[in-house]
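The values are calculated or read from the model by the stated rules, or taken from the named source; none is laboratory data. None of these values were measured; they are calculated from a predicted model. In this analysis, Cβ positions are derived from the backbone assuming ideal geometry, glycine residues included, and neighbour counts consider all displayed protein chains. Heads up: the accessible areas ignore ligands, DNA and RNA and are worked out on the full protein's heavy atoms, side chains in. Shrake-Rupley method; radii C 1.70, N 1.55, O 1.52, S 1.80 Å.
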Amino acid sequence: MVAPLSLHLFNGVRGPSAGYPMAPPSLNSVAWSFPHSIRVAHNYCSRSSLKCYFDRPQSYMLARNARLRIRAMVRDIDEDHAPTDAISDIVENVEAVARKTKIPERDFSGTAYVPVYVMLPLGVINRDCELVNPDSLLDQLKILKSVNVDGVMVDCWWGIVEDDAPQSYNWKGYRQLFQMVRDLKLKLQVVMSFHECGGNTGDDVHIPLPSWVNEIGTKNPHIFFTDREGRHNSECLTWGIDKERVLRGRTAVEVYFDYMRSFRVEFDDFFNDGIISEIEIGLGPCGELRYPSYPAKQGWEYPGIGEFQCYDEYLMRSLKIAAELRGHTFWGRGPDNAGSYNSRPHETGFFRDGGDYDSYYGRFFLNWYSQVLIDHGDRVLALANLAFEGSCIAAKLSGIHWWYKTASHAAELTAGFYNPGNRDGYAPIAAMLKKHETAMNFTCVELRTMDQHEDFPEALADPEGLVWQVLNAAWDVSIPVASENALPCYDREGYNKILENAKPRNDPDRRHLSAFTYLRLSQVLMEESNFMEFERFVKRMHGEAVSDLETGME
């Protein structure tokens with residue numbers, strides 16, 4: 001039997017009848033008597049190989065993707081039914097194309113200097129606020145310094161520093177770490193991390209919110225974001241309590257401010273000597289300004305649209321007040337046809353084309369939902385500017401690129417970004433950041449739309465379109481824009497995509513990223529071949545020449 005395959009990855013190509021021109025003769029010589037899965041592999045290979053001849057800028061990536069998928073298919077096919085000689089012929093043809101064609105690389109020598117930082121491991125400071133494996137970390141930091149990395153980024157976890165009791169702060173492990181960074185003459189980007197660590201992509205440690213906060217949450221779970229089914233998410237505090245004195249006499253924003261002020265006093269010497277170059281303010285889950293609309297702990301899987309997170313009693317009270325002020329009391333509710341975490345837009349009455357998201361009620365609800373997000377950022381950043389007066393501060397936005405090619409942009413809507421096809425949802429956020437002279441840090445600059453289409457065509461994702469929209473929204477109001485990769489990146493194609501976004505080609509205003517932060521320091525990055533590629537990337541971000549620039553055909 002032929003093993004079942006995920007045929008959607010191959011866009012349903014089934015042979016010459018699919019409308020593609022005939023492939024090179026060496027591929028068409030493969031017999032059409034193959035089992036169905038072999039024919040699909042053959043057709044995908046033929047299509048990709050043919051495009052390599054006519055679409056050179058994309059040739060290497062297409063051939064590489066075809067090769068990987070052919071190999072995966074070969075592993076899935078019963079050897080008794082697989083004509084191995086023909087399979088080898090297919091793979092060899094694709095590999096030959098991959099070897100002969102390369103993506104021309106742009107020469108970034110002499111371009112603007114973009115600082116490069118590296119995120120430290122999530123668990124570099126343990127739950128007792130002690131530095132973990134300082135000798136090993138020092139060795140790694142020395143290696144980073146040797147290739148002229150500008151600095152490192154570290155999370156200052158609320159759940160570690162203020163864990164025992166309100167306004168009892170323990171910074172000892174961070175002081176040891178910061179001194180190590182200062183001795184190496186590196187810079188520091190520090191994140192005020194008011195969220196839980198654990199349960200998201202790339203998380204390998206668990207750091208909950210402070211124990212005293214979770215004690216309050218056991219009695220009053222509505223301090224956490226809540227979905228339509230009443231499930232509470234302890235990843236971060238709902239913005240509904242920003243101004244509610246439910247945290248032992250303090251509001252949430254007062255708690256954040258006290259924490260930031262304690263940090264500023266504790267590390268005054270590092271601010272004065274310029275070691276701390278930027279403070280990033282955590283504004284939601286993963287430190288990002290968004291609702292926790294796609295939590296893995298609730299069963300979400302990519303590319304689900306996620307769910308609205310406004311059903312705690314505080315946000316529902318706010319929604320009802322907004323509806324009364326609008327004169328439509330019955331609008332004081334969440335949508336009842338918005339699907340579930342793993343729904344697709346077309347499966348819901350709210351997000352489908354022509355759906356309720358664009359009705360009078362839908363526009364009212366989404367305006368309110370997104371404004372709550374913006375107001376939260378406004379309040380916290382105002383206090384951050386008081387705590388860190390004179391220092392550079394930043395806020396992080398997530399790159400929610402799936403369903404970007406649909407009319408509703410459903411995944412963005414549930415996360416709080418009111419950015420359907422007929423509205424710019426990032427301009428109001430950029431304006432709020434401009435009000436507080438806050439830099440924007442944006443993710444997913446390494447992702448290619450073509451790769452997303454090949455791997456998950458049903459997601460209708462467009463990371464490149466999203467990045468371009470968000471970067472320009474920030475540049476239009478003249479705020480600095482920094483960025484980071486969303487997923488681990490070790491290959492040249494990913495680095496080249498970051499470079500193109502960092503320094504846009506032919507921009508008349510010569511705009512560029514203010515900094516880039518690499519996610520993240522690990523043993524995999526330190527492997528010789530990976531680190532050599534990373535060093536090459538750092539040089540190009542700094543505007544230096546590299547000796548092995550690939551400019552086209554060999």
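Summary of values
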item	result
Probe 1.4 Å, accessible area per residue of region 257-322, Å²	32 Å²
Summed residue charge, Cβ within 9 Å of Leu397's Cβ, Lys/Arg positive, Asp/Glu negative	+1
Ratio of the Cα radius of gyration of region 101-204 to 2.2 N^0.38 Å, where N counts its residues	1.32
Listed residues Asp375, Asp312 arranged by accessible area, highest first, probe 1.4 Å	Asp375, Asp312
Among 440-448, 462-470, the order from most to least packed when residues are scored by Cβ within 10 Å on average	440-448, 462-470
Karplus-derived 3J(HN,Hα), 6.51/-1.76/1.60, for each residue of region 153-166, Hz, glycine and proline x	10, 9, 7, 9, 7, 4, x, 9, 6, 10, 6, 6, 7, x
Dimensions in Å of region 252-311 - Rg and Dmax from alpha carbons	16.9, 46
nm² value of the averaged projected area, convex hull over the Cα atoms of region 214-269	4.5 nm²
Counted charge near Gly543, where neighbours are those whose Cβ lies closer than 14 Å (Asp, Glu -1; Lys, Arg +1)	+3
Around Gly339: net Lys/Arg minus Asp/Glu count, Cβ-Cβ under 13 Å	-3
Quarter of Cα convex hull surface for region 377-433, i.e. mean projection, nm²	4.3 nm²
Of Lys187/Lys434; Lys145/Lys396; Lys405/Lys539, pairs whose Cα-Cα distance is over 27 Å	Lys405/Lys539
Overall form of region 309-350 per C-alpha gyration tensor (a/c, 1.5; a/b vs b/c)	oblate
At most 13 other Cβ within 10 Å, DSSP loop - trypsin sites (Lys or Arg not before Pro), region 97-196	Lys185
Listed residues Tyr341, Tyr311 arranged by accessible area, highest first, probe 1.4 Å	Tyr311, Tyr341
Solvent-accessible area of Trp300 with every protein chain in place, 1.4 Å probe, in Å² to the nearest 10	40 Å²
Shape call, region 321-453: gyration tensor on alpha carbons, a/c limit 1.5	oblate
Largest-first ordering by accessible area, 1.4 Å probe, given options Thr111, Thr517	Thr111, Thr517
Alpha-carbon centroids, region 137-194 and region 417-477: separation in whole Å	29 Å
